[in-house]
Structure formats: C-alpha cells, structure tokens
Amino acid sequence: MILGLLSKGLPIPEKVQNIKTQDMVRTILVMTGILFINSAIAQKTMAADWQLKTALMAVPDEYKEGAKVYGYDQDGKFTTLREGTNDYIALASDPKRKKFSTAAYHKALEPFMARGRELKAAGKEFQKIFDIREAEVKSGKLQMPDKATLYVFTGSINETTQEIENPYLRSVFYIPYATGQSTGLPVSPMPPGQPWLMDPGTHRAHIMISPPKK
C-alpha cells in the first residue's frame with residue numbers, strides 16, 4: 001500500500017505513517033535487544049575453576065600439573081589463576097571473543113606473548129603488533145627463543161553441561177627467521193596433518209601442524 005502511494009507521488013495518510021513508525025520502533029528495539037544479548041554472551045566470564053580446567057586442555061599431559069594458568073576475573077580483566085612450577089603457561093579462553101579457544105606455550109615465549117597482549121590492550125591491530133615485535137626482536141629489545149612450542153585448543157561449549165565438544169588441538173613450533181630453504185618445509189598451507197612454515201623469514205616464523213578434524 002505504502003509503496004503504491006509513493007510510486008504515484010501521493011502522500012501517505014497520517015494513520016499509516018504512525019503504524020509504519022511504530023513498526024520501525026519495534027524493529028529497532030528488537031534488534032537492539034538481540035545485539036545486547038549477543039554482547040552479553042560473548043563477554044560472559046566463566047568461573048575460575050572452569051577456566052583453569054579448560055585452559056589446561058591445551059597443555060600436554062605431562063606438564064598439566066605444574067603449568068601456570070592465566071585467565072580473567074569477573075570484570076573480564078586478565079589475571080593469574082594459578083602460579084606454575086614447570087616450563088608451561090596456559091591461557092584461558094578470552095571472554096571477549098565469541099569462539100572458545102585456549103592455548104599453552106613454553107615459558108620461553110612469555111616475553112613475546114606478553115608484549116603482544118600489551119600492544120593489543122593499547123589498541124594496536126595485528127599487522128602493527130607484528131611490525132613492532134619484528135623491530136624489537138631484531139634490535140634485541142624483545143627476547144625471542146630460537147625454538148619453542150605452542151598449542152592451540154578449540155571447540156564448542158555445551159550450553160547445558162559447560163563441557164567442551166568437538167575438541168581440536170593444533171601444534172605450532174616457533175623457529176624465528178627460518179625459511180623454506182633452511183627447513184625444507186613448504187611455505188604454503190598443506191593438507192591436514194602435514195607441516196608447513198608460516199611467516200617464513202620473520203621473527204614469527206613457525207611450523208604449523210593441523211590434524212584432520214573428526
């Protein structure tokens with residue numbers, strides 16, 4: 001009806017305008033509510049014991065018991081959930097992200113990781129963080145180990161049980177400034193289960209191994 005009147009150049013009756021306005025207001029309120037709910041879900045901070053348990057899923061079994069674990073308090077601030085006694089550090093899933101993801105790495109990578117968190121908190125984007133750390137590693141300001149391991153654990157959270165479903169573990173082996181020539185590895189993504197070198201020739205050069213998904 002409204003489109004027909006508009007196409008003929010006729011004014012829209014005030015009653016119809018009011019109905020249209022009401023519909024628009026309802027739509028805006030519904031969409032605002034949906035966005036608010038999604039934001040609340042994405043930023044929900046889980047209990048510390050749950051964060052601890054799921055963060056350790058990224059850690060190799062023999063290192064779980066003494067690994068240091070970082071997580072988030074109820075205000076969403078980064079914090080230490082447990083001090084460690086061995087060479088591993090685990091990260092709980094960031095409540096600001098929609099997808100569940102934890103990680104674990106050798107403590108030799110901590111300066112590199114901590115600097116990344118610092119720059120991200122300052123509002124730097126991925127490429128800027130990459131460039132800053134590259135310059136700092138080259139200058140000697142930022143210490144980077146000649147080799148170190150990182151594991152990334154992902155999955156989906158069962159809303160009822162809070163258990164992690166569809167678990168998936170990727171392995172990353174950092175070898176700063178390695179190249180395809182120095183390692184004999186391809187520098188383009190390979191099929192699942194086969195290693196390849198990402199970011200070759202940079203401080204962030206690392207071997208990626210992503211197993212087949214079940």
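Modelling each spin label as a point 7 Å along the Cα-to-Cβ direction, I'd like the D87/R117 distance in nm, to one decimal.
Those two pseudo-labels are separated by 2.1 nm.
Compute and list, largest first, the equivalent-ellipsoid semi-axes of region 54-110 from the alpha carbon gyration tensor, each √(5λ) rounded to a whole angstrom. Please list the in-between numbers first.
Details: eigenvalues 74, 29, 17 Å².
So the three semi-axes of region 54-110 are 19, 12, 9 Å.
Run the numbers on region 48-209 and let me know its relative contact order in percent, using alpha-carbon pairs under 8 Å that are six or more apart. All intermediate terms of the calculation are to be shown ahead of the outcome.
Numbers: 320 pairs, mean separation 25.4, N = 162.
Relative contact order for region 48-209 comes out at 16 percent.
Hey, what does the equivalent ellipsoid look like for region 48-209, semi-axes from the Cα gyration tensor as sqrt of 5 times each eigenvalue, largest first, whole Å? Please report the intermediate quantities before stating the final value.
Details: eigenvalues 143, 76, 47 Å².
The three semi-axes for region 48-209 are 27, 19, 15 Å.
Expressed in nm to one decimal, what extension gain is obtained for the pair S188 and F78 from 0.36 nm per residue of sequence separation less their Cα-Cα distance?
Numbers: separation 110, 0.36 × 110 = 39.60 nm, distance 3.42 nm.
Here the answer is 36.2 nm.
With the crude spin-label approximation of a point 7 Å out along Cα→Cβ, what separation in nm comes out for Y168 versus K44?
2.2 nm
Step through the table entries K68/K98; K64/K138; K120/K141; K99/K138; K77/K214; K53/K99, compare each Cα-Cα distance with 27 Å, and write down the pairs that go over it.
Details: K68/K98 24 Å; K64/K138 33 Å; K120/K141 18 Å; K99/K138 33 Å; K77/K214 34 Å; K53/K99 17 Å.
Beyond 27 Å between Cα atoms: K64/K138; K99/K138; K77/K214.
Once you have the Cα-Cα distance between K213 and S101, take 0.36 nm times their residue separation minus that, and quote the gain in nm to one decimal. Display every interim value, and only then the final one.
On the way: separation 112, 0.36 × 112 = 40.32 nm, distance 1.57 nm.
This chain segment gains 38.8 nm when fully extended.
Each value in this text was obtained by applying a stated rule to the coordinates, not by laboratory testing. Because the structure is predicted, anything quoted here is derived from the model rather than measured. In this analysis, Cβ positions are derived from the backbone assuming ideal geometry, glycine residues included, and neighbour counts consider all displayed protein chains.
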